[in-house]
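What follows is calculated from the coordinates using simple rules that are stated; it is not laboratory data. Remember, predicted model here, so these are calculated numbers, not experimental data. Cβ placement follows ideal geometry from the backbone for every residue including glycine, while neighbour counts extend to all protein chains displayed.
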Amino acid sequence: MNILGINAYHANASAAIVCDGQLIAAVEEERFNRVKYAAGFPAQAIRYCLKEAGLTLAEIDHVAVPRNPYARLATKIFYALRMPSFVRERAKVLVKFQGIPAALAQTFDFDPKKMNAKFHRIEHHQAHLASSFYCSPFERAALLSADGLGDFASTMWGTGSGSRMKIDGVVAFPHSLGLFYSAVTQYLGFLKFGDEYKVMGLAAYGQPEQLEVFRDIVRFESDSNNQSFELGLAYFSHQRTGPEMSWAEAGKTPTLGKLFSDALERRLGPARVPEQALEQRHRNLAASLQTRLEEVYLGMLKNLAERTGLKAVCLAGGVAFNCLANGKIFDATPFEKVYVHPAAGDGGLAVGAAFYVWHQILGRPRSFVMNHAYWGPDYSREDIRRAIESNGLAQNGCAIAELPEQELTRRSAAIIGNGKILGWFQGRAEWGPRALGNRSIVADPRRPEMKEILNRRIKHREIFRPFAPSVLAEATGEYFEKSYPSPFMTLAYPVRPEKRGKIPAPTHVDGTGRLQTVTREANRRYHALISAFRDLTGVPVVLNTSFNDNEPIVCRPEEAIHCFQRTQMDALVLGDFLITRQSPS
C-alpha cells in the first residue's frame, strides 16, 4: 500500500511517501527551487519521493492532503460574512487544492483516467498530531498541536493509543498562540515570514518587564481545568481582516500581512522598524513575549498531563519549534517523555497526512519510528566527483583528497580544532529546518570568538542569534543539566555552569544550548567526526549550524560548493572528499 502525502499551496510545500507503513522519503520543495518556505505545488519534491520509492504515479493507492474544507464549517461561514476578502483568498487556495489530481497528472504527463489513487482531505491539526504521534516511539501519549492557523483552528489536543488518535479539544480562530508570537515579532521589526525564531534568540538578552501587559494580551488560567486561552483581540488585526497571507504562488517566499493593531502600539509604545537599532526596550519585550508564551504553553501541557495521566507527550505545529519552552517541559509538567517531530511546522503535514490515512483511516497497526531525520536526497560518489570537477575547485587553488572514513574524520576534526570552519555534506538531506549533521557547517565550540566569526564570514546574520551544539549522546548529561535525548534539535537545556567555559561558542547568553544529541545508530559518520574531535580536544561537542547563507539549506553537492566558494569557509567535506583552501580566506 503506497500513500503519497502532499502539503501544497501553503508555506513549506512538501511531499512524503509511506509504503506499507514505512516512511520512504520526505522533503520540502524549498530544497529544490531554492526559495525559503516555498509554497505552490511541490512538483520536484513529489518527483523525488516517487523516484526514491521506485514508484510511478499509477502505483500510488492513496493521496493525503492536509486541508479539510468542511472542518469548522460554521466558523468559516461566520467569518465569511465578516471578512469576505480573506475568505475569498482562502477560497482561491481551496480551488487549487481541489485541482491537485489535475496538477499531478499535468506534472507527470499522466492520463488522469489511469490514476487509481483515492484522495483524502485531512484536517490540518490532525495531520500535525499524526506527524508526531505516529512517528514517535510511544504506544500511548498525550498530543498537542499549536501554530498560527489551519482549517480555522490554532490549537488541538487529545490522546493517542496504538494506531488511534482521539481529539479532545481545539482552540478556534481568531485565538492563536502562533499569531500572538508572530504579531509581536512583527512589532519588534522582524517582518519576514518565519522570523519568530529570531525573537526567541533575542529574548535571552532582556528581562520580562512587560510580562503583566502580555498576561492581559493573552489570558489563561493555569490552575483551571479549561485548556483554552484567549487573546485580547483589540491588540490584533487578524480577527477583523483575517491574516493577509500570500503563499499560494510558487517561486516566492510567503508573506504575512500586519497582525498587530494600533492598540498594541498605544500599550507598548511605537513599533520598531527594521532599520532601527535594537534597544533594551525591544530586548525586554522579546523576553516578556517568550515568558508569556511559555506560561500558556506549559500551562496547557501541565493541564493535559494531569487530565490524561499520561507520562509521554507528542508535539507538533509551529509553536513546537520553540525549543526554550520545550526544554522546560520536564520541570514545569508531569511529563517524563517528549517527542517533537523534526518538521514540526507545516512541512511535516505531508508525513502526518500520509500516516493518518495508514493508521486512522485504514486502521493498520504501527511499525515505524522516526529515530533519525535523514529522508531527503543523497548523491553518489560519481555525482560528487563530477560536481567537484565541473566547478574547477582544483584550478582555483583547492587541495582535494579522497580519504577512508577514519582518516577523513580525523583530519576534519583537526581542521575544526585549529579554529577553521568546515562544511560537512553527507548522505541524505535532513527532513525539517534543522541541519543535523548531513548538511551542516561545523566549528570549534571552545572558541568564544567563533560565534562572531561565523556571523561575519559565513552566515551574515544578526549577532544575537545563537548557534547549536551537537553532542555525543553518551556525553549529554556531562555537559547539560538534562540528558533526555534531543536528536532533532527541538529542546534547549541549560549548559552545566562548570562546562560553559568549555563550550562558550554555542552556549547562549542565558546559559542554554539548543542541542542535538548524536548517536552512532542515527548518524554513524557525524558521530565519528565528533568522537574524533573529542579524542583530539577532550570535548565531545562541536558547534553546528545549517549549511547555507541566507538561503534554504544546501541539497545538492553543487550548492554546497557554491556556498563554500562565495563564503570564507576554510574546508569542505563532500562524502569521502576533503577540499581545503590553499590560500588564506
- Item | Inter-probe distance in nm under a simple model that places probes 7 Å from Cα toward Cβ, at Glu221 and Glu521 | 4.5
- Query: Each residue of the range 384-390 in order: what ³J(HN,Hα) in whole Hz does its phi give by Karplus 6.51 cos²θ - 1.76 cosθ + 1.60, θ = phi - 60°, with x for Gly and Pro?
  - Reply: 5, 4, 5, 5, 5, 5, 6
- Query: Hey, what do the phi angles of the range 397-413 turn into as Karplus ³J(HN,Hα) couplings, whole Hz, using 6.51/-1.76/1.60 and θ = phi - 60°, x for Gly and Pro?
  - Reply: x, 9, 8, 10, 9, 9, 10, x, 4, 4, 5, 4, 5, 5, 5, 5, 4
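Per-residue ellipticity at 222 nm for the chain, helices alone: DSSP H runs ≥ 4 residues times -39500 (n - 2.57), over residue total, nearest 500 deg cm²/dmol?
Values: 21 runs with 195 residues, N = 585.
It lands at -9500 deg cm²/dmol.
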- Quick one: which residues, 5+ away or cross-chain, put their amide H under 5 Å from the amide H of Leu491? H built at 1.01 Å from N. Leu515
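Please compute the Kirkwood hydrodynamic radius over the range 381-581, one decimal place, Å, based on all pairs of different Cα atoms.
Working: mean 1/r = 0.0600 Å⁻¹.
This gives a value of 16.7 Å.
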- Task: Compare the Cα positions of Leu529, Gly99, Leu578 along the charge dipole of the chain (+1 at Cβ of Lys, Arg; -1 at Cβ of Asp, Glu; about the Cα centre) and return the one farthest towards the positive end.
- Result: Gly99
- Item | Ordering of 387-396, 105-114 by packing [mean C-beta count within 10 Å, highest first] | 387-396, 105-114
- Query: How large is Rg over Rh for the chain, taking Rg from the Cα atoms and Rh as the Kirkwood inverse mean of 1/r across Cα pairs?
  - Reply: 0.95
- Task: Return the long-range amide H neighbours of Gly232 (sequence gap of 5 or more, or a different chain), with a cut-off of under 5 Å between placed amide H atoms.
- Result: Val218, Arg219
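What FRET efficiency comes out for the pair Arg267/Lys192, r = Cβ-Cβ distance, R0 = 30 Å, nearest 0.05? Write out the running numbers ahead of the final one.
Working: r = 24 Å, r/R0 = 0.81.
FRET efficiency, Arg267 to Lys192: 0.80.
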- Note on the structure: Of all DSSP beta bridges having both residues in the chain, the percent classed as antiparallel (nearest 5) is 75
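Between Asp168 and Glu209, what is the FRET efficiency for a Förster distance of 25 Å, r being their Cβ-Cβ separation, to the nearest 0.05?
On the way: r = 36 Å, r/R0 = 1.45.
So, using R0 = 25 Å, E works out to roughly 0.10.
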- Note on the structure: Charge dipole of the chain built from unit charges on the beta carbon (Lys, Arg +1; Asp, Glu -1), centred at mean Cα; most positive-end Cα among Pro365, Gln290, Ala414 is Gln290
- Item | Karplus (6.51, -1.76, 1.60) ³J(HN,Hα), θ = phi - 60°, over the range 432-437, in Hz, Gly and Pro reported as x | x, x, 9, 7, 10, x
- Whose amide H sits under 5 Å from the amide H of Arg496, counting only residues 5 or more places off or on another chain, with H placed in the peptide plane? Phe480, Glu481
- Item | Simple label model, 7 Å out from Cα along Cβ direction - Tyr484 to Ala401, nm | 4.4
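Charges only on Cβ, +1 for Lys and Arg, -1 for Asp and Glu: so what's the dipole of the chain about the Cα centre, in debye to the nearest 20?
Numbers: 70 positive and 60 negative charges, 64 e Å.
The dipole of the chain has a size of about 300 debye.
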